[in-house]
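Enquirer: Following this message is one structure expressed as structure tokens.
Nothing in this text is a laboratory measurement; each read-out follows from the coordinates by a stated rule. Just so it is clear, the structure is predicted and the values come from calculations on it, not from any experiment. Methodologically, a virtual Cβ is constructed for each residue, glycine included, from the backbone with ideal geometry; neighbour enumeration extends over all protein chains shown.
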Amino acid sequence: MKIKPKLSNLFIQSSPQETGNPINDCWVMVHADIGPEGTKAPDGTVATDIFLFYVTTPKHLINSVKGEDYRFGRGLLIVEEYSEALIRKAFEKLLSSIEGDNWEEVANKINRYGHWEFENYDEWKDHSKVNPLKRLFGIKRK
């Protein structure tokens, strides 16, 4: 049976409504909580990983390269105008096109579009050893 990803939540930081920027000229960071469809963590919560994306508009991109020769673009979702409904729709459409034999395969496919929190993480091969607290702060899991 193939594993399908499911969007659990979007955390949008500094939306145009919060910053006062025009909806057609913005750059917004989005954390997407995505996990295998139908799975739960041991504590009963939805099991997800974080994928980082940036939502931007063509006008913002044009303005951001003025005086520069180029700009790289991995992790970008480009929209004509900022809309949380459109952002959610784009993620749901992307995720509906992805499946794999295991979560690592699925997450790596999503990672092509954004930035997966476990990208290049050495301990991934044995998921039972994955401990973000240890990786970030040196805290050991009991």
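Enquirer: If you place +1 on the Cβ of every Lys and Arg and -1 on the Cβ of every Asp and Glu, how big does the dipole about the Cα centre of the chain come out, in debye to the nearest 20?
Expert: Computed charge dipole of the chain: roughly 340 debye.
Enquirer: Report the Cα-based extents of the chain along its three principal axes, largest first, to the nearest Å.
Expert: The Cα atoms of the chain stretch 49, 34, 28 Å along their principal axes.
Enquirer: Distance in nm between label sites at Leu61 and Tyr121, each 7 Å beyond Cα in the beta-carbon direction?
Expert: Modelled inter-label distance: 3.0 nm.
Enquirer: Let me ask something else. Sequence neighbours fewer than 8 away in the same chain don't count; with that in mind, list the aspartates and glutamates whose C-alpha is under 12 Å from Lys59.
Expert: Those aspartates and glutamates meeting the cut-off are Asp25, Glu80, Glu81.
Enquirer: At 7 Å along Cα-to-Cβ for each site, give me the label-to-label distance between Ile50 and Lys89 in nm.
Expert: Inter-label distance under the simple model: 2.8 nm.
Enquirer: With an 8 Å cut-off on Cα pairs and a minimum separation of 6 or more residues, tell me the relative contact order of the stretch 45-116 in percent.
Expert: 44
Enquirer: So, in nm, how far is label Glu81 from label Asn102 when the simple model puts each one 7 Å beyond its Cα toward the Cβ?
Expert: 4.6
Enquirer: Oh, and also: Rounded to the nearest 0.05, what FRET efficiency do Ile23 and Glu68 give with R0 = 35 Å and r taken as the Cβ-Cβ distance? Could you check?
Expert: 0.90
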